[in-house]
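Colleague: Mind having a look at this structure? Questions to follow.
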Amino acid sequence: MIKINIIGSGNVAKAFALQLYKKVEIVSVYSRNYENALGLADKVKAFAYNDLEELNFDVDLNIIAVKDDAIEDIVKCLPNNISVVHTSGSVGIESLNKFDEFGILYPYQTFTSGRIIDMANIPFFLEANTTSFKNELNDFCLKNFSAQIYEANSEKRKHIHLAAVITSNFTNHLLFEAEKILSEVGYPIDILKPLLLETIEKAISMGPKKAQTGPAKRNDVKVMSNQINSIDSKELKIVYELMSKLIIDVKKD
């Protein structure tokens, strides 16, 4: 049985722990907030800690799943002679180079508390300091998470993460803005679902360039002007104008 420490208790840490605990032995869960550590540890039959020095490091792998700007502080507190991965899309592998074995296990998905994710359908991006450790991570991912495994160095992963931010985070906020516009005239966000699903399906099957429609694609100046004038938010007006320009400029390529 493989033994694991989970360092973190946020959304990614929870997703990893809940996916792994029936397949491997999770020895310890760490969080600066002991109640958070205890809440997750209870679910996966592990010990909870809020002091990194108390962790049992007689394990096969330590998974750091914390926010990006906390990784450096975590690394400083860990012993050198252990195997470590972090799950970040934007923090380079050099952040872990004090360890004997180190790498990246980056899941290409958005995680939210309370939502169950089927990890078998998630792409994972791997990087490691040695070929042997990379092969071990590959096998670990294949057995416990997903068969969609890709190698990506830190520079490539930055681009991959940027694409994820644009696709997920920016799209979600635009949906938030769309929800507000609909609510002003008494309609729920649910009416966007068929449109949203078809937009995604077309973009994947045809490619986003061919799938593009709308007033900017047609360069319908009158419609765009009327819509800009109807937007109350100064910032959203700018977003509308910039996005429309980006779409129009694609036609010039």
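Colleague: Long-range amide H contacts for residue 128: which residues qualify at under 5 Å (H placed 1.01 Å from N, peptide plane, sequence gap of 5 or more or a different chain)?
Modeller: Residues meeting the criterion, in which the H sits 1.01 Å from N, are 104.
Colleague: With every protein chain present, what is the per residue accessible area of the chain (1.4 Å probe, Å²)? Each step should come with its number before you reach the end.
Modeller: Values: 15370 Å² over 253 residues.
Computed with neighbouring chains in place, this is 61 Å² per residue.
Colleague: May I ask you to derive the relative contact order of the chain, considering only C-alpha pairs under 8 Å and at least 6 residues apart, and to give it as an integer percent?
Modeller: That works out to 11 percent.
Colleague: Follow-up. Search the structure for amide H atoms under 5 Å from the amide H of residue 84, placed 1.01 Å from N in the peptide plane, and list their residues when 5 or more places away or on another chain.
Modeller: Result for residue 84 returns 62, 101, 102, 103.
Colleague: May I ask for the distance between the Cα centers of segment 180-253 and segment 68-109, given as a whole number of Å?
Modeller: Cα centres, segment 180-253 to segment 68-109: 39 Å.
Colleague: Along segment 12-19, what does the Karplus equation 6.51 cos²θ - 1.76 cosθ + 1.60 (θ = phi - 60°) give for ³J(HN,Hα), rounded to whole Hz, x for Gly and Pro?
Modeller: Each residue's phi maps through the Karplus curve to give 5, 4, 4, 4, 5, 4, 5, 6 Hz.
Colleague: Among (i) 1.17; (ii) 0.97; (iii) 1.23, which is the computed Cα Rg over 2.2 N^0.38 Å?
Modeller: The value matching this structure is (iii).
Colleague: Once the mean 1/r over all distinct Cα pairs of segment 3-74 is inverted, what Kirkwood radius in angstroms do you read off?
Modeller: 11.7 Å is the Kirkwood radius here.
Colleague: Oh, and also: For the peptides 6-13, 22-29, 143-150, what is the packing order when you average, over each peptide's residues, the other Cβ atoms within 10 Å and list the highest mean first? Intermediate results must be reported in sequence, preceding the final value.
Modeller: Values: 6-13: 23.2, 22-29: 19.6, 143-150: 15.0.
So the order, starting with the most tightly packed, is 6-13, 22-29, 143-150.
Colleague: List every residue whose amide H lies under 5 Å from the amide H of residue 26, counting only residues 5 or more places away in sequence or on a different chain, with H placed 1.01 Å from N in the peptide plane.
Modeller: Here 4 satisfy the definition.
Colleague: Given segment 9-164, what percent of its DSSP beta bridges are antiparallel, to the nearest 5?
Modeller: Working: 5 of 18 bridges.
Of those bridges, close to 30 percent are antiparallel.
Colleague: With equal scatterers on the alpha carbons only and no solvent term, can you work out the Debye log10 of I(q)/I(0) for segment 59-127 at 0.13, 0.14, 0.19, 0.22 1/Å?
Modeller: Ignoring solvent entirely, the Cα scatterers give -0.39, -0.45, -0.77, -0.97.
Colleague: A further question on this structure: At a 10 angstrom cut-off on C-beta neighbours, averaged per residue, how do the peptides 55-62, 205-212 rank from highest to lowest?
Modeller: Taking the mean over residues of other Cβ atoms within 10 Å, the ranking is 55-62, 205-212.
Colleague: Moving on to the next point. Can you tell me the dipole magnitude for segment 101-253 around its Cα centre, using point charges on the Cβ only (Lys, Arg +1; Asp, Glu -1), in Debye to the nearest 20?
Modeller: My answer is approximately 580 debye.
Colleague: Which whole-Hz ³J(HN,Hα) couplings does segment 128-135 yield from phi under the Karplus relation 6.51 cos²θ - 1.76 cosθ + 1.60, θ = phi - 60°, glycine and proline marked x?
Modeller: With coefficients 6.51, -1.76 and 1.60, one gets 8, 7, 9, 5, 5, 5, 4, 5 Hz.
Colleague: Something else: Which of the lysines could a cross-linker bridge to residue 98, judged by Cα under 18 Å and excluding same-chain residues fewer than eight apart?
Modeller: 76, 134
Colleague: Convert each backbone phi in segment 175-188 into a coupling constant with the Karplus relation 6.51 cos²θ - 1.76 cosθ + 1.60 (shift: θ = phi - 60°), then list the ³J(HN,Hα) values in order as whole Hz, x for Gly and Pro.
Modeller: Listing the rounded values in order: 5, 4, 5, 5, 4, 5, 5, 5, 5, 5, 10, x, 10, x Hz.
Colleague: Oh, and also: Would you work out what percent of the accessible area of the chain, with all protein chains in place, is carbon or sulfur (probe 1.4 Å)?
Modeller: 54 percent
Colleague: On the principal axes of its Cα set, how long, how wide and how thick is segment 111-171? Give whole Å, largest value first.
Modeller: Between the extreme Cα coordinates on each principal axis of segment 111-171 lie 38, 28, 17 Å.
Colleague: Sticking with this structure for a sec: Rounded to a whole number of µm²/s, how large is the Stokes-Einstein D of segment 1-130 at 20 °C and 1.002 mPa s, given Rh as the Kirkwood radius over C-alpha pairs?
Modeller: Working: Rh = 14.6 Å.
It diffuses with D of about 147 µm²/s by this estimate.
Colleague: Assuming a ≥ b ≥ c are the square roots of the Cα gyration tensor eigenvalues, decide whether segment 127-253 counts as rounded (a/c under 1.5), prolate (otherwise, with a/b larger than b/c) or oblate.
Modeller: It is prolate, given that a/c is not under 1.5 and a/b is the larger ratio.
Colleague: Which order do the peptides 87-95, 191-199, 175-183 come out in when sorted by mean C-beta neighbours inside 10 angstrom, highest first?
Modeller: Highest-to-lowest ranking by the protection proxy: 87-95, 175-183, 191-199.
Colleague: For labels at residue 220 and residue 25 in the simple 7 Å Cα→Cβ model, what's the distance in nm?
Modeller: Result for the modelled spin labels: 6.5 nm.
Colleague: Same structure again: So which aspartates and glutamates pass the test for residue 22, namely a Cα distance under 19 Å, with those fewer than 8 places away in the same chain ruled out?
Modeller: 42, 60, 118, 139
The values are calculated or read from the model by the stated rules, or taken from the named source; none is laboratory data. Here the structure is a predicted model, which is why all the values come from computation and not from measurement. Cβ sites come from the backbone with ideal geometry, for glycine too, and all protein chains shown count toward neighbours. These accessible areas exclude ligands, DNA and RNA; they are computed on the full protein's heavy atoms, side chains included. Shrake-Rupley method; radii C 1.70, N 1.55, O 1.52, S 1.80 Å.
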